[in-house]
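> Just passing along the structure, written as structure tokens.
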Amino acid sequence: MNEKNVIIVGAGIAGLAAAVYAQKSGFKVTILEKHIIPGGLSTSWSRKGYLFEGGMHWLTGSSEKLMINKVWKEVGALKENNPIFYKDPVYTLINGDKKICFYRDLDKLKEEFLRHAPEDKKAINRLYKDAKIFLPVHIVIDDIRGLKSDSPKHPSSTELLKMAPVLTRYLALNNMSYEDYIQQFKNKDLQHLLRSTIGERYNALSFIYTVASFASGDCGYPEGGSLRMAKNMAETFQALGGVIKYHSPVEKVVIENGKTSGVISKGEFIAADAVIVTQDTRKAIDTLFQPALDEKWVHKMRRVIVTEQNMFIGLGVKADLSKYPRGIVFPLEKPFKAGGLEFKELRINNYALYDKYAPEGCSSVTCLLLGKSYDYWKALKEDGSYKQKKQELAEEFISILSEFMPEIKDNVEVFDVATPVTYERYCGSYEGSWMSVWAPKDSQYFFPSKAGSVKGLYFAGQRTMMPGGLPTTVYAGRKAVEYLCRDNKTMMHN
């Protein structure tokens, strides 16, 4: 039994994953979390009996064919209490009497698009071929060299060879913007539908990878959503003997003689032999260290990180909306202005067909508005008009959505608006961001899991690998513990 004490800063997905692996491997682990619930940015919340899913909308690694699925199960995220549901079609564009479905199956998708937009045959065939090439692509789980593990994880040569054909299109798609890829389609309805997959500032590579992931049989939605998954992980960790202290923000990581000695939380020193920082790394490097860490990767992170920000609107509607698809795209004749940005369509998540998301006969509906809006909302927070602007945004959204879903008008019992400032407040994320933007022509960057100049200091979270998201966080949490175990000559238990 390794009696060394490990403190983990943050009970988000990376922190929970690191905690489970470290506790299994014999360390005495304590998580310090500023919020009152686990999950970090992967979260949902209730308002007057309505559940709003504010984090995960699909899970990369839900397919049992993938190694990362095994990781999700090892950390307790996926259990019998949250079976996977595969939404198909992923989205349905509704424009008057016209409906176009974004199917998972690529042949079915191609047929659907050609039926509605024969003028786009060339672009549709290109999309079909690109997604086909990327079908085998997935996040590769590879243990670090020198790690002793009871369940080693390394990619096979066959696994890697299957992904090799993507090299023929990788550079072209990486150098092209998502928007430019979509503009190859002449049909406006197809443009609206395809534009609703990821944030518009990304490269085309991110878009094609997402389409292929759906087509490969991955990207399902665990029952109970992000909060159930996070609670599963927390319960797994606590059952192993680990401790989570909520309402315990960390103000500083203490470094003495080139080694971590513990942290300061709520003004008190807590000793530790090692610290794993899973709070947003971009925020942590500016706030948790005095003096600041002076390492090349730290300076690079400040230069290259571009944050993906999110405005979230949730409605609790006293009406049964189960006749509508689960994922809907409504094209707008006049752009919807929000957070200093303009949106040409609304992407709606309809939870009427999901159990326990609303009272009987009622429905929960949400909308994500992606783009750089942090500065806009931060300024409003500072001048005192923040709350009023959120109210106005909700009212305008309800008015517009009621034109497409008449049942909503006069039946909204509760609404909630979360801005990047909201996520910053509750999760401590940099600029309230939940991912990093992988823009056209950018190289994919990776940041280290351990400090080079400080012993016993490790990092995990979405910022360690572009663009971030759930698969990155769980992998990063595992990776940090791999280094922890190797440094302490300890067997890693899975």
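The values are calculated or read from the model by the stated rules, or taken from the named source; none is laboratory data. Here the structure is a predicted model, which is why all the values come from computation and not from measurement. Cβ atoms come from the backbone with ideal geometry, glycine included; neighbour counts cover every protein chain shown. Only protein heavy atoms, including side chains, enter the accessible area calculation; ligands, DNA and RNA are left aside. Shrake-Rupley method; radii C 1.70, N 1.55, O 1.52, S 1.80 Å.
> Does Lys188 meet the test of being farther than 23 Å from Pro331 by Cα, open to solvent by 70 Å² or more (accessible area, probe 1.4 Å) and among the basic types (Lys, Arg)?
No; evaluated as a whole, the condition is false for this residue.
> Restricting attention to the range 27-38, report how many residues are open to solvent by less than 10 Å² (accessible area, probe 1.4 Å) and either among the aromatic types (Phe, Trp, Tyr) or touching a His at 6+ places or on another chain (Cβ under 8 Å) (or both).
Number satisfying all stated conditions: 1.
> Quick check on the range 80-94: of everything there that is of a type outside the set (Val, Ile, Thr) and crowded, with 17+ Cβ neighbours inside 10 Å, which residue is nearest to Gly225 (Cα to Cα)?
Asn82
> Here is a further query. Select from the range 192-208 the residues that are open to solvent by less than 10 Å² (accessible area, probe 1.4 Å), touching a strand residue (DSSP E or B) at 6+ places or on another chain (Cβ under 9 Å) and either part of a helix (DSSP H, G or I) or of a type in the set (Lys, Arg) (or both) and list them in ascending order.
The answer is Leu193, Leu194, Ala204.
> Where the second residue is open to solvent by less than 20 Å² (accessible area, probe 1.4 Å) and the first is acidic (Asp, Glu) and lies in the range 174-196, which pairs have Cβ atoms under 6 Å and are six or more apart or on separate chains?
Cβ pairs passing all conditions: Asp189/Leu93; Asp189/Ile100.
> From the list Ile270, Ile276, Ile285, Ile264, which residue is assigned to a helix (DSSP H, G or I), under 30 Å from Arg425 (Cβ atoms) and β-branched (Val, Ile, Thr)?
Ile285
> Still on this structure: Please go through (1) among the hydroxyl-bearing types (Ser, Thr, Tyr); (2) open to solvent by 30 Å² or more (accessible area, probe 1.4 Å); (3) closer than 28 Å to Ile144 by Cα; (4) touching a residue at least 60 places away in the same chain (Cβ under 8 Å) for Tyr426 and return the number of the only condition it doesn't satisfy.
(3)
> Sticking with this structure for a sec: Taking helices (runs of 4 or more DSSP H) that fall entirely within the range 383-494, which contain at least 3 residues that are closer than 30 Å to Leu240 by Cβ?
Per the criteria, 420-427, 470-487.
> Can you tell me which residues in the range 145-169 are of a type outside the set (D, E, K, R), in contact with an Asp or Glu (Cβ under 7 Å, 6 or more places away or on another chain) and more than 19 Å from Asn69 (Cα to Cα)?
Leu147
> Starting from residues that are more than 21 Å from the chain's Cα centre (by Cα) and in contact (Cβ under 8 Å) with a residue 40 or more places away in the chain, keep the ones in the range 303-316 and report whichever is surrounded by the fewest Cβ atoms within 10 Å (Cβ to Cβ).
Among them, the one singled out is Gly316.
> Pick from Val253, Val243, Val211: which is crowded, with 22+ Cβ neighbours inside 10 Å, β-branched (Val, Ile, Thr) and under 26 Å from Lys34 (Cα atoms)?
Val253
> Checking the condition assigned to a strand (DSSP E or B), of a type outside the set (S, T, N, Q), surrounded by fewer than 22 Cβ atoms within 10 Å (Cβ to Cβ) and over 22 Å from the mean Cα position of the chain (by Cα), which residue from Lys344, Lys300, Lys323 passes?
Lys344
> Could you check, for the range 17-25, whether at least one of its residues is assigned to a strand (DSSP E or B), open to solvent by less than 20 Å² (accessible area, probe 1.4 Å) and hydrophobic (A, V, I, L, M, F, W, C)?
No, the conditions are met nowhere in the range 17-25.
> Residue under question is Ser248, and the condition is that it be at pLDDT 95 or above, more than 18 Å from the chain's Cα centre (by Cα), surrounded by 19 or more Cβ atoms within 10 Å (Cβ to Cβ) and not in a strand (DSSP E or B); does it hold?
yes
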